[in-house]
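Student: My questions will all concern the structure given below.
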Amino acid sequence: MTGSTPGTPRTLEDVDGWFGRPDQRLFTWFLERQDRLDQRGDLLELGTYLGRSAVLIGRHVRADERLTVCDLFGSPAPDEANDREVTRCYPGLTRADFERTYLAFHDRPPVVVQAPTSVISDYLRPGRCRFAHVDASHLYEHMAADLAVARSALAPEGIVVCDGHRAVHAPGAAAAVWTALDSGGLRPICATPSKLYGTWGDPDAVRDELLAFLAGADDLVHETCRIAEYDVPFLRARDEEPDGLSAEDAAEVRDAVQRAVTAEVAAGRAVEHAEAAEQRAEELAEVAAAAEIEAAQTIGRAVKAEERAERAEELATAEAARAAAAEERAAAAEERTATADTRIAAAEELAATAEERAAAADARAVAAEERAAAAEAEREALVRARTESETSLRQAAERTAEAEAEAKLQEEGRELAETALRAATEQHARLTSEAGRLRDNLDAARREVIRLKGQLRRTRMQLRAIRNSRSFRMGRALTATPRAMRRMTGGS
């Protein structure tokens, strides 16, 4: 391939492609024969490139027929291998290039399917084609699938043209074609260096007519080769080498073969390097496997360590919870101690108040005793006065009448004195009873103060013991193992 010819093409030779003169003559002969025999049906081309063969086929499309061409035209290939093939052989191909070429020769465009050939069945009418040209991908699986599509599309006597049946650069295509000949029911009619012509119908009548045509074709030569039970003519142009090439092209092929041999040697060395690399990769794989085993063991140990760490963390959390509970209990004890201190202080205040009240009661008792003593002295004085009064009365009885008035006054004074004595006596009794009751209260208050002071001393001693014990436990908790901490916390 040399690239597209600039400008509008005028002849097939102006269109770039791989469609030589022997195949141009055979395409024309098969299509004209169908025209002559009035064989009708659609036409199909899988893989059209710039349209060199499609232009020739298009010359034989009748008004009620259609030509369908299918090519990727730059669309994504269905798989990686096909993508490499397209990139290597058909870079830059576009649908616009094909349509521009085709319309330079025809007024009506064909049906163009820009997609992989795997979808072409959706655009065909089974059994309605009379001519199919299979020249798309030369990979075996694609070529085999395209031949199956062609068989389904062709009428019983339809003609199929298979490209690459002996291509050195495309063994997949050759394998697919020869598989179809061997076991796929395909029957050969003739072949050129590039293409094989066949049918799934009866090839004999067609082949006989073709041999009659070749007998008068001065520009073509052929020889007959036996393929299974068929005598198949192999054609080439008279000015080509037996392998189908011109002298100039044959020289290029020999150079290409030499380059291929050199490339094969290089490929052998590359294979040796690849084998060495593969051996090295296997060694590295073994090392990697050993490393993976060691890594798995390390991961196992790490998992166990993590489990132990989790258990230790759980124990530490439990110990921390118990320590927090102990601190809470200690805080509660401190609060209770503070409450006890407050109560003791209140008791001391009450005791002080009781002592003050007792002192006041003592003072009142002393005062009462003093008042009682005064009353007693007053009573004694009154007794003495009564005695004196009685003496005076006796003396007064002896006196005259004027002493009676004085006696009356003295009698009233005596009555008053007796009333005062009785009141003083009652008050003395009340004061004596109050003094006794106050002495009892004072003794009870003193005993309560002594009891509260003893309880305060015991509480303070307990608080000091709790504080000393907490400090001791907290010191041990900083260095003790989780089990010792657990015993210590349980003990508290």
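Student: Could you tell me the distance between the Cα centroids of the range 80-130 and the range 174-234, to the nearest Å?
Tutor: Taking the Cα centre of each part, the range 80-130 and the range 174-234 sit 26 Å apart.
Student: Continuing with the same structure: Can you tell me the dipole magnitude for the range 12-245 around its Cα centre, using point charges on the Cβ only (Lys, Arg +1; Asp, Glu -1), in Debye to the nearest 20?
Tutor: Rounded to the nearest 20 debye, it is 420 debye.
Student: What 222 nm value per residue comes from the helices of the chain, counting each DSSP H run with n ≥ 4 as -39,500 (n - 2.57) and dividing by all residues, nearest 500 deg cm²/dmol?
Tutor: Result for the chain: -23500 deg cm²/dmol, rounded to the nearest 500.
Student: Between the helical axis of 21-36 and the dominant principal axis of the chain, each derived from Cα atoms, what acute angle in degrees is found, rounded to the nearest 10?
Tutor: Value to nearest ten degrees: 80.
Student: Now, a different point. What ranking do 312-321, 77-86 get when scored by the average of other Cβ atoms within 10 Å per residue, highest first?
Tutor: Output ranking for 312-321, 77-86: 77-86, 312-321.
Student: Using only Cα atoms, figure out Rg for the range 154-215 and give it as a multiple of 2.2 N^0.38 Å.
Tutor: Expressed relative to 2.2 N^0.38 Å, the Cα Rg reads 1.14.
Student: Among Leu421, Leu43, what is the fewest-to-most ranking by other Cβ atoms within 10 Å?
Tutor: Leu421, Leu43
Student: For the range 1-144, max minus min Cα coordinate along each principal axis, in Å, sorted largest first?
Tutor: If we take the Cα atoms of the range 1-144, the spans are 44, 37, 27 Å.
Student: Then there is this: Where does each of Met461, Met143 land when they are ranked from fewest to most other beta-carbon atoms within 10 angstrom?
Tutor: Met461, Met143
Student: How big is the range 335-464 in terms of Cα radius of gyration and Dmax, in angstroms?
Tutor: 27.1, 93
Student: Suppose every Lys and Arg Cβ carries +1 and every Asp and Glu Cβ carries -1, with no other charges. What dipole size does the range 335-464 come out with about its Cα centre, to the nearest 20 debye?
Tutor: For the range 335-464, the charge dipole is close to 1440 debye.
Student: Specify the angular offset, from 0 to 90 degrees and rounded to the nearest 10, of the alpha carbon long axis of helix 402-477 from the longest principal axis of the alpha carbons in the chain.
Tutor: On a 0 to 90 degree scale, this one is about 30.
Student: Going toward the positive end of the dipole of the chain, with +1 on Lys and Arg Cβ and -1 on Asp and Glu Cβ, which of Ala176, Pro9, Leu438 do you reach last?
Tutor: Leu438
Student: Also: Which ordering of Ile120, Ile159, Ile299 is given by a fewest-first count of other beta-carbon atoms within 10 Å?
Tutor: Ile299, Ile120, Ile159
Student: So, one more: Of Ala289, Leu43, Thr94, which is farthest on the positive side of the dipole of the chain, counting Cα position, with +1 on Lys and Arg Cβ, -1 on Asp and Glu Cβ, and the Cα centre as origin?
Tutor: Ala289
Student: If you don't mind, another one. As I understand it, the dipole of the chain uses +1 on the Cβ of Lys and Arg and -1 on the Cβ of Asp and Glu, about the Cα centre. Which of Val61, Val449, Ile159 lies farthest toward its positive end?
Tutor: Val449
Student: Could you compute Rg(Cα) / (2.2 N^0.38 Å) for the range 12-245, with N its residue count?
Tutor: 0.95
Student: Pick out, in residue order, every one of the GluC sites (Glu not before Pro) in the range 392-441 that is DSSP loop and has at most 15 other C-beta atoms within 10 Å; say none if there are none.
Tutor: Here the sparse-neighbourhood loop sites are Glu398.
Student: A further question on this structure: Using a cut-off of 27 Å between alpha-carbon atoms, which lysines can reach Lys304, once sequence neighbours fewer than 8 places away in the same chain are excluded?
Tutor: List returned: none.
Student: What is the angle, in °, between the Cα long axis of helix 482-491 and the longest principal axis of the Cα atoms in the chain? Nearest 10 is fine, range 0 to 90.
Tutor: With both axes taken from Cα atoms, the answer is about 30 degrees.
Student: Next up: Give, in whole angstrom and from largest to smallest, the semi-axes √(5λ) of the equivalent ellipsoid of the chain, with λ running over the eigenvalues of the Cα gyration tensor.
Tutor: 149, 32, 18
Student: A follow-up question, please. Given charges of +1 on the Cβ of Lys and Arg and -1 on the Cβ of Asp and Glu, with all other atoms neutral, how large is the dipole of the chain about its Cα centre, in debye to the nearest 20?
Tutor: 2960 debye
Values quoted throughout were computed directly from the atomic coordinates according to the rules given, and no laboratory measurement underlies them. Note that the structure is predicted; figures quoted are calculated from it, not measured. When we count neighbours, we look across all protein chains shown, and the Cβ atoms used for this are built from the backbone with ideal geometry, even at glycine.
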